[in-house]
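Below is one structure, written out as structure tokens; the observations come after it.
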Amino acid sequence: MASRLVISAAHKSSGKTTITLGLLAALSKRGLRVQPFKKGPDYIDPLWHKAASGRASWNLDFYSMSHGEMLALAARQSQDADLALVEGNKGLFDGMDTNGTDDTAALAKLLRAPVVLVIDARGTTRGIAPLLKGYLDFDPGLQIAGVILNQVAGPRHEGKLRAAIARYLPEFPVLGAIPRETELEVAERHLGLVPANEQAGASELIAMLASSIEAHVDLDRLLEIARRAEDLPMPATLPARPESDLRIAIAQDSAFGFYYPDDLEAFAQNGAQLVPFDTMTNYHLPPDIDGLFIGGGFPETHMRSLSANHVLRSEINAALRSGLPCHAECGGLMYLAQSIRWGANQADMVGFIKARVVMQERPVGRGYVRLKDSGKGLWQPIGPSGASFAAHEFHHSRLEDMAPGQTFAFNVERGVGIQDGQDGLVVGNMMASYAHLRSVVGTPWVSRFVDFIRSRRR
């Protein structure tokens with residue numbers, strides 16, 4: 001496996017995403033093939049990773065994947081890369097388990113990768129030393145190999161920070177100090193950063209981040225640290241993709257962009273060709289399709305443009321009423337409803353799901369979920385009926401005015417779902433959920449969905 005590093009921080013909102021983006025872009029400018037990864041169930045950071053590196057970013061998640069799966073995925077996707085760069089989530093030692101089995105430190109140890117800490121240095125001078133010493137001593141089995149100081153107020157502030165570290169941790173390398181520059185921040189809104197496929201000027205921002213990293217980080221020393229990572233065994237190669245016998249339309253645009261690379265690859269491995277379309281600029285679905293996949297995104301921020309394309313909305317409604325198989329997640333669920341209301345604004349949507357979406361001020365569902373198959377679904381994401389499986393949800397909306405007696409594929413053991421502890425609404429040949437599924441060993445939902453489409457063709 002390639003040289004590799006894990007980028008982490010003492011706590012969330014320390015700037016590790018912007019620094020990761022700058023590193024991806026700066027190292028790519030050097031001609032290096034840099035493979036990004038993201039810890040946890042995240043769609044937005046990987047979109048930025050791809051924009052900065054030119055390579056799809058893959059998620060490594062203890063909740064939905066086994067250790068063996070994560071190792072195999074990391075090795076497979078890095079085999080043609082010069083460097084693998086893994087962005088952690090939250091703080092280095094923050095996870096669901098207080099024993100530390102699922103935090104970024106655990107992932108770094110699993111991958112046998114050195115860690116570079118990003119420290120938000122605002123309001124800190126000499127106090128940087130005990131902070132770093134505590135992190136270095138907390139887990140002797142973890143290799144914390146250097147620090148990048150972020151949000152540094154100026155040369156005087158930087159000098160004090162470096163002097164404190166040199167006095168109390170003389171062998172610990174400071175790899176860089178990034179000055180406080182508001183123009184280098186990625187815009188945020190509900191549910192996190194604005195995705196790269198939406199933010200105007202994303203390429204310009206990434207270029208500025210790369211320039212800042214080049215000016216303020218010792219990239220040569222960082223690469224030398226990355227080369228210390230121990231080798232990992234290479235996994236078995238994937239079987240050759242079969243010939244495609246299905247065409248599945250997939251909504252891919254600035255409103256709908258939340259798709260795991262695993263899922264997209266799984267469609268190809270199961271003989272299905274994904275045919276992209278834009279829900280705002282294409283007036284018709286792609287021709288000769290056998291199924292439809294609408295993933296997550298932010299339809300609420302695009303609801304006027306989505307609503308204005310009434311030709312496509314009507315065509316999708318008619319196709320679903322005629323029995324076109326469909327899988328929709330979160331944003332896709334919202335798009336297929338009758339309307340979306342956000343404050344004083346409301347816009348009509350596809351109208352196939354007889355319910356209205358209402359945006360809430362606070363998150364309705366956010367984080368990991370556990371679902372149990374109700375036995376009423378069109379296809380089973382996992383094993384025999386009744387088994388439970390991992391997923392995640394991130395939504396600020398809820399469905400209202402839904403008629404009673406609806407059919408749901410999943411019972412929610414952990415999380416919120418659509419209503420009354422249920423998720424996976426079944427209408428005709430459509431299943432739609434607030435939960436995001438991921439095609440891994442524990443939830444091979446793509447192969448089951450593809451099999452369902454073939455059964456309907458027959």
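Just so you know, all these numbers are worked out from the coordinates, no wet-lab data involved. The structure displayed is predicted, hence computed values, not measured ones. Note: ideal-geometry Cβ built from the backbone for every residue, glycine included; neighbour counts use all protein chains shown.
Annotations
- Taking label points 7 Å from Cα along the Cα-to-Cβ direction, SER305 and ASP231 give a separation of 4.9 nm.
- Computed from the C-beta positions of ARG30 and ARG366, the FRET efficiency with R₀ = 30 Å rounds to 0.20.
- Spatial extent of the stretch 260-344: Rg and Dmax, with the Cα atoms as the point set, Å: 13.4, 45
- Euclidean distance between Cα centres, the stretch 201-228 to the stretch 1-72, Å: 14 Å
- Set of lysines with alpha-carbon distance to LYS50 below 17 Å, sequence-local pairs under 8 removed: LYS16, LYS29, LYS38, LYS39
- Computed label-point distance, nm, for sites ARG458 and LEU223 using a 7 Å Cα→Cβ extension: 5.5 nm
- Full extension of the chain segment joining GLU413 with ALA215 gains 66.3 nm, where the gain is 0.36 nm per residue of separation less the Cα-Cα distance.
- In this simple spin-label approximation, SER13 and ALA403 carry label points 7 Å from Cα along the Cα→Cβ vector, and these lie 4.5 nm apart.
- P(r) weight above 13 Å for the stretch 136-175, C-alpha pairs, percent: 57 percent
- Once you reduce the stretch 329-356 and the stretch 379-453 to the center of their Cα atoms, the two points are 18 Å from each other.
- In summary, the aspartates and glutamates within cross-link reach of LYS372, defined as a Cα separation below 16 angstrom excluding same-chain residues under 8 places away, comprise GLU393, GLU413, ASP420, ASP423.
- Of the GluC sites (Glu not before Pro) found in the stretch 361-411, those that fall in a DSSP loop while having at most 14 other beta-carbon atoms within 10 Å are GLU361.
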